[in-house]
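A.B. asks: Let me give you the structure first, and then I'll get to my questions.
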Amino acid sequence: MVKRFLATKGWILISVTVMSSTVIIVMYDRFRTAEKNLADYRLAISCPSKDNCREKFEAKILDASYKRFFILMLNKHGSTASLNNVSYIFSIMSPVGEQTVEISANPPTVGTPFDIGNVQIPPDSGSKFIQENFHNGETVFIELWRNQVIFLFVDTIINFPEVSMKETPFPESTTPQATLGPLPSRAYEIAMPTSVHPILLHATAQYDFYSATLLCVLITSVTFISVFKKE
């Protein structure tokens, strides 16, 4: 009887436990890497070395478009929530060549503040936002870090509303909401974070780690209950 159990249900338990543990370890390692990259990025503002320096360059817009999609997320209570998101895609010519830059109208956040001022998130008005603010050949400025565009800087934006960055519903997250104030009436330099900004990647990695852990624990628990319940 014992041999039969080990040959069937025992291996099921072992397999599920090993797979769940592997997923959690991989997600945790990704989260720790994102934390290290964020620390390196913050240090790079003072350019301590050539390999870790944040530099600002002039660039030109070659093309601009947008995409609208839905995201399904898991909140801290274990229930799902959908999020309607818009991302703006810019093809730009920079000192490192032609690059594609993506900027989200609803980026992930855990309340980590940016270390520069005038950071704004674009509205989710899609083509209207592009038509009113960007055209081919327009000059902008970018922040480059490790050959990636981290910020897109513009001088002024039409119809830029007051923006409140709502936190992504990370499980167990207790950090208060990070709110960005309204734009003054005067024109000034606006910084829009791209999808590869270390703060946003760190927030995504944290969300993925918490979600994966919660899901793996749930699957493992259900498996144990199913195996040991009386037939």
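A.B. asks: Output the number of the condition that Q131 fails; it satisfies all remaining conditions of (1) in contact (Cβ under 8 Å) with a residue 24 or more places away in the chain; (2) surrounded by fewer than 18 Cβ atoms within 10 Å (Cβ to Cβ).
C.D. replies: Status for Q131: all satisfied but (1).
A.B. asks: Take the conditions modelled with pLDDT of 90 or more, surrounded by 15 or more Cβ atoms within 10 Å (Cβ to Cβ), farther than 16 Å from L200 by Cβ and in contact with a Pro (Cβ under 9 Å, 6 or more places away or on another chain) and apply them to A34. Does it pass? Before the answer, list the steps.
C.D. replies: On the way: modelled with pLDDT of 90 or more: yes; surrounded by 15 or more Cβ atoms within 10 Å (Cβ to Cβ): yes; farther than 16 Å from L200 by Cβ: no; in contact with a Pro (Cβ under 9 Å, 6 or more places away or on another chain): yes.
Taking the combined requirement at face value, the residue does not satisfy it.
A.B. asks: Just to check your reading of the model, which residue among S87, S15 is modelled with pLDDT under 90 and among the small types (G, A, S)? Explain how you work it out, then say what you get.
C.D. replies: On the way: S87 fails: modelled with pLDDT under 90.
Testing whether each residue is modelled with pLDDT under 90 and among the small types (G, A, S) leaves just S15.
A.B. asks: Still on this structure, please answer the following. Does any residue of segment 197-206 turn out to be farther than 25 Å from Y66 by Cα and surrounded by 18 or more Cβ atoms within 10 Å (Cβ to Cβ)? Full working, then the answer.
C.D. replies: Step one: filter segment 197-206 for residues farther than 25 Å from Y66 by Cα, giving 206.
Within this subset, residues satisfying the condition of being surrounded by 18 or more Cβ atoms within 10 Å (Cβ to Cβ) are 206.
Looking through segment 197-206, at least one residue is farther than 25 Å from Y66 by Cα and surrounded by 18 or more Cβ atoms within 10 Å (Cβ to Cβ).
A.B. asks: Okay, moving on. Return the residue satisfying two criteria in turn: it lies in segment 186-202 and is over 15 Å from A105 (Cβ atoms) and at pLDDT 95 or above, and of such residues it is nearest to the chain's Cα centre (by Cα).
C.D. replies: Among those that are over 15 Å from A105 (Cβ atoms) and at pLDDT 95 or above, it is L201.
A.B. asks: Hey, could you check segment 137-155 for residues that are farther than 17 Å from Y88 by Cα and out of contact with any strand residue (DSSP E or B) (no Cβ under 7 Å at 6 or more places or on another chain) and say which is surrounded by the most Cβ atoms within 10 Å (Cβ to Cβ)?
C.D. replies: This residue is W145.
The values are calculated or read from the model by the stated rules, or taken from the named source; none is laboratory data. This structure is a prediction, so every number in the text was calculated from the model and none was measured. When we count neighbours, we look across all protein chains shown, and the Cβ atoms used for this are built from the backbone with ideal geometry, even at glycine.
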